[in-house]
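The structure appears right after this line, and notes come after that.
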Number of protein chains: 2
Amino acid sequence: MNQFTFYNPVKLVFGKESLEQLNDMVKAYSNGNKVLLTYGGGSIKKTGLYDKVMEKLSDFEVFELAGIEPNPRVETVRKGVEIVKENAIDFIVAVGGGSVIDGTKLIAAASKYDGDAWDIVTRKAEVKDAVPFGTVLTLSATGSEMNSGSVITNWETNEKLGWGSPLVFPKFSLLNPEVLYTLPEHQTVNGIIDSMSHLLEQYFNEADNTEVQDQMISGVMKTVMKTGPVAVKEPENYEARETLMLSSTVALNGFLRLGYVGDWATHNLEHAVSAVYDIAHGAGLAILFPEWMRYVSKQSPARFVKFAEDVFNVEAALSDEEKINYAIDELQNFWTSLGAKQKLSDYGVKEEDLEVFADKTLIYGPFGNFYKLQREDILAIYKAAL
Amino acid sequence: MNQFTFYNPVKLVFGKESLEQLNDMVKAYSNGNKVLLTYGGGSIKKTGLYDKVMEKLSDFEVFELAGIEPNPRVETVRKGVEIVKENAIDFIVAVGGGSVIDGTKLIAAASKYDGDAWDIVTRKAEVKDAVPFGTVLTLSATGSEMNSGSVITNWETNEKLGWGSPLVFPKFSLLNPEVLYTLPEHQTVNGIIDSMSHLLEQYFNEADNTEVQDQMISGVMKTVMKTGPVAVKEPENYEARETLMLSSTVALNGFLRLGYVGDWATHNLEHAVSAVYDIAHGAGLAILFPEWMRYVSKQSPARFVKFAEDVFNVEAALSDEEKINYAIDELQNFWTSLGAKQKLSDYGVKEEDLEVFADKTLIYGPFGNFYKLQREDILAIYKAAL
């Protein structure tokens, strides 16, 4: 593995009663009594979570920013920054999934910066301070609740960019698997695909000698594959929700990514598609990851053979090619069995879109840390996925 | 799993060049320029590490506490506390293995307490503050470099007790696998056994529905079993040392123990033996763990069947009893193949000692979180191990 520094100071509180700790946690990390509550489209009002959170925050003066979008927009972040600055807010509580938390991370950092929030995303400005914040997770997928990364969309510049800073780790995250009971099925499925994709992006990495990490990643992946269908079939199965919720946090809290970055090309391929078409991130990944694997395994097969052995226990008697094909097919079939589609054309994508997508992915040049994709590679993968 | 809070703010710096960061790290976390350097029997002077550390600390006024014992003693800790208090020391750097780090944790906490250090170990005094400290790891086994626990021996009261506090997480730990090249073979072997035992203590836990954790633990355990023999045979194999060093940190930094404590009875059984006989902790565990497993698997077999499947890929056609026996035998044979002995009598333990050991283990009553051992259970296990 490469030299690395691992640091993750998030206090993770996990279990049915985790929300009970909200008041104490905010008090422990806040220097005052003004709190900004951030959330999304308002489903937390329907489920009753909003009322419970407000009750726990009754010792505080609570300001609100509702409407953080599924792909959080910088305009919405700017509104949050304004509220924080105008009211000298001391702490932020994000109640939502990855988008609400990602947006809140930028509010936290930009509220301590004099210029525009977008400067932080584009790295024009360095994060030097941030308003402390904590999260109450309502959707399990991105891992944002226990990492310091964030993805923000800017419709003025037509960009969707990731950024991060050790100053935007949540102080705490409260995870209660029961809040997932009411998720629509497709969100459960996309969450499963999203967290599996995070595991895949890390498994296919640029380092050598990562057996400890490989085995932990494979272990979590096998667990998600075993448990995912249970949660889809029985949305109120606590044990299944618990397992998946923990898995998706673990899948991207940095602990499985010791000594490498991971590939992340497929995420880039997907972002370009969902920037144009209304495809959920998980749904896009389910289509693109198998094609990325089919393409790249032809160029660099050894790691894919190991993947087949680690995750799918393939028969030793098979040839390398057979092992690889078996594993990729099994993975794709698994996602299909949950309801994922296999082709971009199922969402109306046309052949002439592919060049547009490729342009978008290449803004910063060829990408992928396990295997660097050039324009011809990108187009070949999109074509196979069409 | 049970409700849990996970929190681990240690900055882990891992790789060949990790020591290069010592100066910066101490500066980042210290409020002044006085440093106490703690270490053990002086092997760091022979290997040249002492000189390298002193060079990195040349911006600081360095005080020293040498001679922290393999089982760190409270008397030695008291000496350290005196140096810290007399000289108003701002930061401690521990250079050593688990014992040096464990001793340093108590120095850190007791230096901010008016009474005697032993009060903290016996929980007479609560830890309310601690001098910040960092570590440079020289022996990979206990995981102390990335957790907040410590075991201290008091020869006046004839006790060896564990204690811990979130205030004694190291601020940073610098891990360079190359420092392990010069370890005597038996220390490499005992380190392997020790970290595998930590994994076992956690695998056999008191919670339900721990599939994520089970799979991560199994993955690390399989990796250690694959890599351990390589490091024993080729002490300067960097990749093997790297894998084992990371595994032993991961094995006890709390990340695999989400939602439970683990059993820990075998550790108690072993401490009683090594309090009387000069047996290394790992060597004692290698004898006692298989016998604990043989005994407890008869009372509570299901978890042992799962263990056999998760870690040893046992054939599905075998009976439960055959699976269990196969796994335990494989585990013991693995340790024996590395040079571990199988019987307490190999170290001169006699039958009449067993009651004495049992008395020691039972100071706080029956123990074990997966399976609670009563006196008759304890004696049966010791007898089988004799």
Among the residues of the range A:284-314, what is the count of those that are aromatic (Phe, Trp, Tyr) and under 23 Å from A:Val212 (Cβ atoms)? 3
Of (1) among the hydroxyl-bearing types (Ser, Thr, Tyr); (2) touching a strand residue (DSSP E or B) at 6+ places or on another chain (Cβ under 9 Å); (3) modelled with pLDDT of 95 or more, B:Thr153 satisfies all except one. Which? (3)
If I filter the range A:104-115 for residues that are in contact with an Asp or Glu (Cβ under 9 Å, 6 or more places away or on another chain) and modelled with pLDDT under 95, do I get at least one hit? no
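Take A:Thr188 and tell me if it is crowded, with 18+ Cβ neighbours inside 10 Å and away from chain B (no Cβ under 13 Å). Even if it seems obvious, please write down each step before you answer.
Details: crowded, with 18+ Cβ neighbours inside 10 Å: yes; away from chain B (no Cβ under 13 Å): yes.
So A:Thr188 passes the test.
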Hey, A:Met1 in a loop (DSSP other than H, G, I, E, B) and within 30 Å of B:Lys11 (Cβ to Cβ) or not: yes
The one condition B:Val314 fails out of (1) within 19 Å of B:Ser195 (Cα to Cα); (2) part of a loop (DSSP other than H, G, I, E, B); (3) of a type in the set (Val, Ile, Thr) is (1)
Kindly list the number of the only condition in (1) of a type in the set (Val, Ile, Thr); (2) under 30 Å from B:Val232 (Cβ atoms); (3) not in a loop (DSSP other than H, G, I, E, B) that fails for B:Val356. (2)
Tally, over the range B:193-247, of residues that are among the aromatic types (Phe, Trp, Tyr) and at the interface with chain A (Cβ under 9 Å from one of its Cβ atoms): 1
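Given the residues B:Glu75, B:Glu61, B:Glu82, B:Glu55, which is the only one that is closer than 30 Å to B:Asn158 by Cβ, more than 24 Å from the chain's Cα centre (by Cα) and either of a type outside the set (Lys, Arg) or modelled with pLDDT under 95 (or both)? Spell out how you get there, then give the answer.
Working: B:Glu75 fails: more than 24 Å from the chain's Cα centre (by Cα); B:Glu61 fails: closer than 30 Å to B:Asn158 by Cβ; B:Glu55 fails: closer than 30 Å to B:Asn158 by Cβ.
None of the other options fit; the residue is B:Glu82.
I'm trying to understand the selection: among the residues of the range A:19-36, which are within 20 Å of A:Asp102 (Cβ to Cβ) and touching a Leu at 6+ places or on another chain (Cβ under 7 Å)? Outline the logic, then answer.
As a first pass, look at the range A:19-36 and keep what is within 20 Å of A:Asp102 (Cβ to Cβ): A:29, A:35-36.
A:Val35, A:Leu36 - these are the residues of the range A:19-36 that are within 20 Å of A:Asp102 (Cβ to Cβ) and touching a Leu at 6+ places or on another chain (Cβ under 7 Å).
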Here is a list of conditions, (1) within 19 Å of B:Leu200 (Cα to Cα); (2) assigned to a helix (DSSP H, G or I); (3) without any contact (Cβ under 8 Å) to a residue 24 or more places away in the chain, and B:Ile378 meets all of them except one; can you say which number that is? (3)
Verdict on A:Gly282 being within 14 Å of chain B (Cβ to nearest Cβ) and at pLDDT below 95: no
(1) at positive phi; (2) at pLDDT below 95 all hold for B:Asn209 apart from (2)
What do you reckon, is B:Lys298 more than 27 Å from the chain's Cα centre (by Cα) and either closer than 15 Å to B:Ile193 by Cβ or free of Cβ contacts under 8 Å to residues at least 24 places away in the same chain (or both)? yes
Picking from A:Glu309, A:Glu291, the residue that is within 14 Å of chain B (Cβ to nearest Cβ), part of a helix (DSSP H, G or I) and farther than 28 Å from A:Ser148 by Cα would be A:Glu309
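Yes/no matrix, rows are residues, columns are (1) of a type outside the set (S, T, N, Q); (2) under 20 Å from A:Tyr277 (Cα atoms); (3) free of Cβ contacts under 8 Å to residues at least 12 places away in the same chain:
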| site | (1), (2), (3) |
| --- | --- |
| A:Gly134 | yes, no, no |
| A:Leu137 | yes, no, no |
| A:Asn147 | no, no, no |
| A:Ser150 | no, no, no |
| A:Asn154 | no, yes, no |
| A:Leu174 | yes, no, no |
| A:Tyr181 | yes, no, no |
| A:Pro184 | yes, no, yes |
| A:Leu199 | yes, no, no |
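Could you say whether any residue in the range B:323-339 is in contact with a Lys or Arg (Cβ under 7 Å, 6 or more places away or on another chain), β-branched (Val, Ile, Thr) and without any contact (Cβ under 8 Å) to a residue 60 or more places away in the chain? Step through it out loud before you land on a result.
First, pick out the residues of the range B:323-339 that are in contact with a Lys or Arg (Cβ under 7 Å, 6 or more places away or on another chain): B:328.
Retained after the next criterion (residues that are β-branched (Val, Ile, Thr)): B:328.
Still in the running and without any contact (Cβ under 8 Å) to a residue 60 or more places away in the chain: B:328.
Yes, that holds for at least one residue.
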Report, ordered by the first and then the second residue, all pairs with beta carbons closer than 9 Å, sequence separation of six or more or different chains, a first member in the range A:249-269 that is in the same structural domain as A:Val136 (by the TED database), and a second member that is at pLDDT 95 or above and basic (Lys, Arg). none
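The values are calculated or read from the model by the stated rules, or taken from the named source; none is laboratory data. This structure is a prediction, so every number in the text was calculated from the model and none was measured. Cβ atoms come from the backbone with ideal geometry, glycine included; neighbour counts cover every protein chain shown.
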